[in-house]
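A short worksheet on the structure shown next.
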Amino acid sequence: MPTRVKVRRFRNPETDIIEMRRYSTSTGKIIPKNIDTNYQKDWKDGPMDSTPDVVNKTSFESVPGVPPFPSDVMREIANRYKKTY
């Protein structure tokens, strides 16, 4: 017979964070979620993976007063329901 489950709020007294937990309706015990971490055991960087130096490099720096894209696009976004002929 399958276990009947209800989800209830639970407030962690140490951190005051409210989280949703699964309980068995027949026994009242908490049913933990299974976290599958088996894929991490055999993890190896391949030739298509990015290096940390490339990931941390900033590719866009904003300049105050200069929009990141043309002003025509800004006008179209602002007036997207206005028909232009």
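Every read-out reported here was derived from the displayed coordinates using simple, explicitly stated rules and does not represent laboratory data. Values in this document were obtained by computation on a predicted structure and should not be read as measured data.
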* May I ask you to compute the full-extension gain from Arg75 to Asn56, defined as 0.36 nm times their residue separation minus their alpha-carbon distance, rounded to one decimal in nm? => 3.5 nm
* Considering amide H positions built from the backbone, and no H for Pro or chain starts, which residues 5 or more places from Ile31, or on another chain, come under 5 Å of its amide H? -> Arg22, Tyr23, Ser24
* Asked: Looking at the P(r) of the range 27-77, how many percent of alpha-carbon pairs lie beyond 14 Å?
  -> 78
* Structure fact -> Hydrodynamic calc, the chain: Kirkwood Rh from Cα pairs, then Stokes-Einstein at 4 °C with viscosity 1.567 mPa s, so D in µm² s⁻¹ is 64
* Could you run the Karplus curve 6.51 cos²θ - 1.76 cosθ + 1.60 with θ = phi - 60° over the range 63-75 and give me ³J(HN,Hα) per residue in whole Hz, x for Gly and Pro? => 10, x, x, 10, x, x, 9, x, 5, 4, 5, 4, 5
